[in-house]
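Notes for the one structure printed next.
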Amino acid sequence: MLLMLAALAILFIALALLRPVDHDESQYVAAAALAAHGLLPYRDFAYLQTPLQPYLFAPVALVAGPWTWPALRILNALLGVATIACVHAAARTVGAKPKAALVAAALFASCDILLFSIGTARNDALPAALLAAALPLIVRPATTRTTAALAGFLLASAAAAKISYAFPALAYGLYALVDRRHRPVAILLGTLPVVAFVGWTYAGSPAGFVFGTLTFPARGPAEYYALRPWKMSFPAKAIDTLKFLSLGAALPALALVARDAWRRRTMGLLDALILAGLVAALLPFPTWRQYLLPALPALFVRLSLVPLPSRAWRIAFAIFATAGLAPSIAALADAEGLSLTEALREGQAIGRTLDHHGLAGPIATLSPQILPAAHRLPAPAFATGPFYFRSTNLLDASQEHALHLVSGARPELDGSTILTGGEGPATSGDASLDRVLATAALRAGYVAIAVPGTRFTLYVARPASPRPAPHNSP
């Protein structure tokens, strides 16, 4: 098993380093880099998720320095390996046969939902690993106070890394109240350190915390997709959900597990966790593939307990598992995508250009993930990359200033050097957002400086003209 995990680690790391750049990574690289330099989420810069990941990943960013971006991708790939290992361990703990546990873990590893989530520097791999690590503890026939407390700690930590994981955590808490062999008091005690940590981050900036964890996730997508209402519709959600589940073995696994649960006329713990993960995925509009990840660890543990009823099912699983690999292969073969290697080269070129012109200090950009390679930090107001900048009416000007945010509707500039060129089709982004920032810079009298050999342009505030020296009239 160790050799298999080592091989999987090599494969996942290679996939992470070769996968094209995605602008979704921007705020997570920026948050880790800023936290590594002592800035706190919500209080010092905006962060549009629950707070745990920047704190845990900050030491990695501090050590990696200019290699922060690839280091975070590698870390997420290793967390993916840990997630699969924990699913296998949970399957064996709950009573699955060795071959069934191995097959379930392998089918899980084929899902595009997982492969995308652990192949970029997003915030999906950490909570998935924390949730999966709790599964071997909570499926044991007998739960001790220590294992219950640790399970509570892990599940609460998953929610503190991404709020959708609060649903499986809550489902387990409610299940423990019904089946008190799970020791609900001990579970609650295990959550308290995480609750205290989250409360501390809230106290640093209540308004910033509420906006980043609740308001923006609830209202931001509706505003952004206002001109594309189909994406926010229930039919679109149904199509997207089926599409993402079918890219891998998740869809037939869900069908087989649902059939087995229906025949048993009971809902066990794993069934409750699967249902909670699906609710977490389906509540937000629109649904993206990574949203479905909270349901998958428990789903594949549960699958390991269901015998495949026929050869046709085995063939179906093989076909769907193969389909799950297709998006990753297509991403690696995408000639239009920007490679991480090229992005790091551009970051180094940006750093040389900044040094050549004697430009120090934070950089205002919608592509903050490029800055560690340039030995620079993002301006705190641009820590969310393009994701708040594309907003129009979520906050007024005074609220934006208080929460360290800048929108394209009010691109207020503070004199920081501006960098544009990273938002565009090559990064799954919107080039018009960079044009808004560039236009604001030129209107404010900034001077444009092209970064040689890259897509990027710097905009530098003109220095104030020196006042003439006073002189005495004869």
Residue list for the stretch 381-390, restricted to those being surrounded by fewer than 22 Cβ atoms within 10 Å (Cβ to Cβ) and not basic (Lys, Arg) | Phe387
Per-region count, the stretch 432-449, residues free of Cβ contacts under 8 Å to residues at least 40 places away in the same chain and outside any helix (DSSP H, G or I) | 5
Tally of residues being farther than 15 Å from Ile370 by Cα, assigned to a loop (DSSP other than H, G, I, E, B) and in contact (Cβ under 8 Å) with a residue 24 or more places away in the chain across the stretch 454-463 | 1
Out of Ala281, Ala295, sole residue that is surrounded by 24 or more Cβ atoms within 10 Å (Cβ to Cβ), in contact with a Phe, Trp or Tyr (Cβ under 7 Å, 6 or more places away or on another chain) and among the small types (Gly, Ala, Ser) = Ala281
Go through (1) among the aromatic types (Phe, Trp, Tyr); (2) out of contact with any Leu (no Cβ under 8 Å at 6 or more places or on another chain); (3) not assigned by TED's automatic domain parsing to the domain that holds Lys97 one by one and return the number of the condition Phe382 breaks.
-> (2)
Out of the stretch 40-57, which residues are surrounded by fewer than 20 Cβ atoms within 10 Å (Cβ to Cβ) and not acidic (Asp, Glu)?
-> Leu40, Arg43, Tyr55, Leu56
Pair list, Cβ under 6 Å, 6 or more apart: the stretch 155-172 residue closer than 17 Å to Pro54 by Cα, other residue outside any helix (DSSP H, G or I) and small (Gly, Ala, Ser) | none
Looking only at the stretch 380-419, which residues are assigned to a loop (DSSP other than H, G, I, E, B), polar (S, T, N, Q) and more than 13 Å from Phe211 (Cβ to Cβ)?
-> Thr392, Asn393, Ser416
Is it true that Phe209 is buried (at least 20 other Cβ atoms within 10 Å of the Cβ), within 23 Å of the chain's Cα centre (by Cα), over 25 Å from Thr241 (Cβ atoms) and at pLDDT 95 or above?
-> yes
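Sort out for me the helices (runs of 4 or more DSSP H) sitting completely within the stretch 265-335 that have 2 or more residues that are modelled with pLDDT under 95. Please lay out each step first, then the result.
On the way: elements: 269-282, 296-303, 311-333.
Here the list reads 269-282, 311-333.
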Inter-residue pairs, beta-carbon under 8 Å, first closer than 28 Å to Met232 by Cα and in the stretch 262-284, second modelled with pLDDT under 95 and not in a helix (DSSP H, G or I), 6+ apart | Leu275/Met267; Ala281/Thr287
Answer yes or no as to whether Thr146 is under 24 Å from Thr384 (Cα atoms) and hydroxyl-bearing (Ser, Thr, Tyr).
-> no
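Any residue at all in the stretch 338-355 that is within 21 Å of Ala426 (Cβ to Cβ) and of a type in the set (Lys, Arg)?
Start the filter on the stretch 338-355 by keeping residues that are within 21 Å of Ala426 (Cβ to Cβ), which leaves 338-351, 353.
Among the residues that remain, those that are also of a type in the set (Lys, Arg) are: 345.
Among the residues of the stretch 338-355, at least one is within 21 Å of Ala426 (Cβ to Cβ) and of a type in the set (Lys, Arg), which makes the answer yes.
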Pairs where the first residue, in the stretch 218-236, is more than 17 Å from Ala281 (Cβ to Cβ) and the second is surrounded by 13 or more Cβ atoms within 10 Å (Cβ to Cβ) and aliphatic (A, V, I, L, M), C-beta under 9 Å, 6+ apart = Arg219/Leu394; Gly220/Leu48; Gly220/Leu394; Ala222/Met232; Glu223/Leu394; Tyr225/Met232; Ala226/Met232; Trp230/Ala236
With (1) more than 17 Å from the chain's Cα centre (by Cα); (2) under 27 Å from Ala298 (Cβ atoms) as the list, and Trp67 as the residue in question, which single condition is left unmet?
-> (2)
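Let's see how each residue does on (1) free of Cβ contacts under 8 Å to residues at least 60 places away in the same chain; (2) outside any helix (DSSP H, G or I):
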position	(1), (2)
Ala61	no, no
Leu79	yes, no
Ile84	no, no
Ala89	yes, no
Pro127	no, no
Leu135	no, no
Thr143	yes, yes
Selection from the stretch 262-295 of residues that are more than 26 Å from Pro327 (Cβ to Cβ) and of a type in the set (S, T, N, Q) = Thr266
Could you figure out which of (1) of a type in the set (Asp, Glu); (2) within 18 Å of Ala444 (Cβ to Cβ); (3) surrounded by fewer than 20 Cβ atoms within 10 Å (Cβ to Cβ) isn't true of Glu400?
-> (3)
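The values are calculated or read from the model by the stated rules, or taken from the named source; none is laboratory data. Fair warning: this is a prediction, and the values are worked out from it, not measured in the lab. Note: ideal-geometry Cβ built from the backbone for every residue, glycine included; neighbour counts use all protein chains shown.
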